[in-house]
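Only one structure is covered here, and it is reproduced in the block below.
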Amino acid sequence: MAGVCPPAAPFFGFMGAASSLVFSVLGAAYGTAKAGVGVASMGVMRPELVMRSILPCIMAGILGIYGLIVSVILVGQVTEDSYPYYSGFAHLASGLSIGLAALAAGICIGIVGDAGVRATAQQPKLFVGMTLILIFAEALALYGLIVAIILSGKTASSC
Amino acid sequence: WGIFITGRGSHHKSNNGRVNMASVFDSCWFLWFLPVCYEQWWALFASISPYAWATTGIALAIGLSVLGAAWGIFITGSSLVGAAIKAPRIQSKNLISVIFCEAVAIYGVIIAIIMQTKLVYESSPSSSFAGYGLFAAGLVVGLSNLFCGICVGITGSACALSDAQNPTLFVKILIIEIFGSAFGLFGVIVGIIMVGKCSFE
């Protein structure tokens with residue numbers, strides 16, 4: 001079967017591109033909404049702290065950017081010819097790695113951000129601690145991004 | 001031995017990649033672990049028409065986007081009217097949250113119309129590539145708009161409730177809603193790039 005490209009391989013490449021954005025957006029949306037509700041609740045009592053407390057929502061939004069970057073890279077890699085199953089499954093794995101990592105990080109940032117901003121309203125010294133925990137959570141998505149970019153480079157020159 | 005496994009000897013010819021479905025099921029359904037049967041499952045996958053993939057993608061793009069917009073609107077709207085009982089001044093400003101959710105449905109309509117321009121009839125398509133691409137674009141746009149709509153709805157509900165307590169909070173929580181509405185745009189960007197690669201001719 002040398003020289004004949006499998007017609008089903010681009011399906012998995014496209015599914016990688018789709019899953020990278022879809023799961024990242026799910027995590028980012030969860031983080032933004034969960035932390036946003038916490039900010040709105042604490043803002044009623046301490047309106048002067050609201051602008052600083054938007055930080056968890058921004059960090060959750062960055063996860064969507066990671067997913068967008070990998071998705072655009074992967075869509076550029078999927079082609080009709082010279083695309084064996086090797087490339088298709090490598091790109092599927094790339095999309096899943098950033099997607100699921102950003103989903104996990106988004107859930108984490110949302111829950112930590114919600115609890116953190118509510119606690120910061122009562123004890124302003126906790127803002128630094130909350131920021132450190134959010135940075136560790138964001139690093140999880142970065143690990144997924146590293147692996148996704150490595151896997152997205154796996155292409156073949158012929159079938 | 002080959003005839004024993006496959007039952008009959010003569011039904012492996014493929015016409016344009018489609019395989020006689022009887023041959024898949026009557027030979028391999030209980031012998032799925034044999035390497036000769038793996039190829040028949042790929043043939044099952046490959047014999048789904050690319051137009052099935054493409055049209056499902058178009059339906060998902062518009063259907064899931066509208067689902068996300070509706071979900072966001074009911075979350076925001078119910079909080080808005082509840083909070084406005086004691087603070088009727090909030091109702092006109094907070095309609096902007098409802099408009100942000102509606103924009104998500106508009107993104108879905110735009111992408112579905114762009115996708116349907118690619119849906120042209122070829123009696124024998126060269127490959128399923130365009131079908132897979134349109135399906136993935138539909139999934140991307142539909143699901144990202146679904147999650148964006150729910151996110152904007154939850155944040156808009158929080159915005160209305162806090163605005164009822166303290167009017168200065170409206171603009172600050174609106175900033176979070178604007179971050180949330182960016183996710184629908186990410187889906188539109190990737191969807192347009194994917195649709196651009198697809199062509200049935």
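The values are calculated or read from the model by the stated rules, or taken from the named source; none is laboratory data. Predicted model, so just to flag it, every value in this text is computed and none were measured. Cβ coordinates were reconstructed from backbone atoms using ideal geometry, including for glycine residues, and neighbour counts include every protein chain displayed. What goes into the accessible areas is simple: the full protein's heavy atoms, side chains included, and nothing from ligands, DNA or RNA. Shrake-Rupley method; radii C 1.70, N 1.55, O 1.52, S 1.80 Å.
For the condition in contact (Cβ under 8 Å) with a residue 40 or more places away in the chain, out of contact with any Ser or Thr (no Cβ under 7 Å at 6 or more places or on another chain) and farther than 22 Å from B:Ile150 by Cβ, what is the one hit in A:Met59, A:Met45?
A:Met45
Hey, can you tell me all the residues within region B:175-201 that are under 20 Å from B:Ile73 (Cα atoms), within 9 Å of another protein chain (Cβ to nearest Cβ) and either open to solvent by 60 Å² or more (accessible area, probe 1.4 Å) or modelled with pLDDT under 95 (or both)?
Passing the criteria: only B:Phe179.
Please find, within region B:93-113, the residue that is farthest from B:Thr168 (Cα to Cα) out of those that are within 14 Å of the chain's Cα centre (by Cα) and touching a residue at least 60 places away in the same chain (Cβ under 8 Å).
Among them, the one singled out is B:Ile111.
Under 7 Å between Cβ atoms, which residue pairs at least 6 apart in sequence (or on different chains) link something in region A:20-36 that is closer than 10 Å to A:Pro56 by Cα and open to solvent by 10 Å² or more (accessible area, probe 1.4 Å) with a partner that is in a helix (DSSP H, G or I) and among the charged types (D, E, K, R)?
A:Lys34/A:Asp114
Look at region B:136-174 and say how many of its residues are more than 7 Å from chain A (Cβ to nearest Cβ) and part of a helix (DSSP H, G or I).
17
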